[in-house]
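Heads up, the thing below is written out as structure tokens.
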Amino acid sequence: MEITAIQRSGATIIQIVGSLDTLTSDEAQTFFDELFKTDQVHLAADLSQVEYLSSAGLRVLLSALKNARRRSGDLYLAGLQENVQQVLELAGFTSIFKIFPTIEAAIGAFTP
């Protein structure tokens, strides 16, 4: 897994490439924790290149969402592949997360 962040239009875009699973969840959790230490709370995760999402990955995303909302921010998900969308639906997370077709749409949702 590769995970990077860039600032754009007042939001932090998190680009995740590869699998978000048991083997990579600790690294992803640490990455999100570091963002929160620098008060980055308007987050848009580009999941268009995430091939696999496990329950460990779901826990990381849910933890990041809760941390962002606790700080008056949010975590939007964008560009989900069909299998990742199905995992979120089966877990009941589609009612918890705001999901957008593209990262541009997610970023635009942060703009008043």
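Let me understand segment 51-112 better: what is its radius of gyration from the alpha carbons, and its Dmax, in angstrom?
According to the Cα coordinates of segment 51-112, Rg and Dmax are 11.6, 33 Å.
For segment 2-110, calculate the relative contact order in percent as a whole number, restricting contacts to Cα pairs under 8 Å that are 6 or more residues apart.
Numbers: 189 pairs, mean separation 30.2, N = 109.
Taking the mean separation of contacting Cα pairs over the length of segment 2-110, I get 28 percent.
Segment 62-93: which trypsin sites (Lys or Arg not before Pro) are DSSP loop and have at most 13 other beta-carbon atoms within 10 angstrom? Provide the component values of the computation, followed by the final result.
Values: sites: 66, 69, 70, 71; in loops: 71.
Sites meeting the loop and neighbour criteria: 71.
Hey, what D do you get for segment 2-110 in µm²/s if you plug the Kirkwood alpha-carbon radius into Stokes-Einstein at 10 °C and 1.306 mPa s? Don't skip to the answer; put the middle values down first.
Working: Rh = 13.5 Å.
Value of D from the Cα-based Kirkwood radius: 118 µm²/s.
Of all DSSP beta bridges in the chain, what percent run antiparallel (nearest 5)? Walk me through the numbers on the way to the answer.
Values: 7 of 23 bridges.
Antiparallel: roughly 30 percent of the beta bridges in the chain.
What number comes out for the charge environment of residue 82, summing +1 per Lys or Arg and -1 per Asp or Glu over other residues with Cβ under 13 Å away? Walk me through the intermediate numbers first.
Details: positive: none; negative: 51, 89.
Taking every Cβ under 13 Å from that of residue 82, the sum is -2.
What size of dipole, in debye to the nearest 20, comes out for the chain about its Cα centre when the only charges are +1 on Lys and Arg C-beta atoms and -1 on Asp and Glu C-beta atoms? Mind dumping the intermediate values first?
Values: 8 positive and 13 negative charges, 106 e Å.
Dipole about the Cα centre, nearest 20: 520 debye.
Can you tell which of 35, 80, 61 shows the greatest fluctuation in a Gaussian network model of the chain with Cα springs below 10 Å?
In the Gaussian network model the winner is 35.
Quick check: the distance between the Cα centres of segment 30-62 and segment 73-93, to the nearest angstrom?
Computed from Cα coordinates, the inter-centre distance equals 12 Å.
Compare the Cα positions of 24, 52, 42 along the charge dipole of the chain (+1 at Cβ of Lys, Arg; -1 at Cβ of Asp, Glu; about the Cα centre) and return the one farthest towards the positive end.
Checked the options; the winner is 42.
Per DSSP helix of 4 or more residues, -39500 (n - 2.57); summed, then divided by the residues of the chain. What does that give at 222 nm, rounded to the nearest 500? Walk me through the numbers before you get to the answer.
Details: 4 runs with 46 residues, N = 112.
Computed ellipticity for the chain at 222 nm equals -12500 deg cm²/dmol.
For an R0 of 41 angstrom, estimate the FRET efficiency from the Cβ-Cβ distance between residue 94 and residue 38 and round to the nearest 0.05. Intermediate results must be reported in sequence, preceding the final value.
Numbers: r = 29 Å, r/R0 = 0.71.
Using R0 = 41 Å, I get an efficiency of 0.90.
Every number here is computed from the coordinates shown, using simple stated rules; none is lab data. Since the structure is predicted, the reported quantities are computational estimates derived from the model, not experimental observations. FYI the Cβ positions are ideal-geometry reconstructions off the backbone, even for glycines, and counts take in every protein chain you see.
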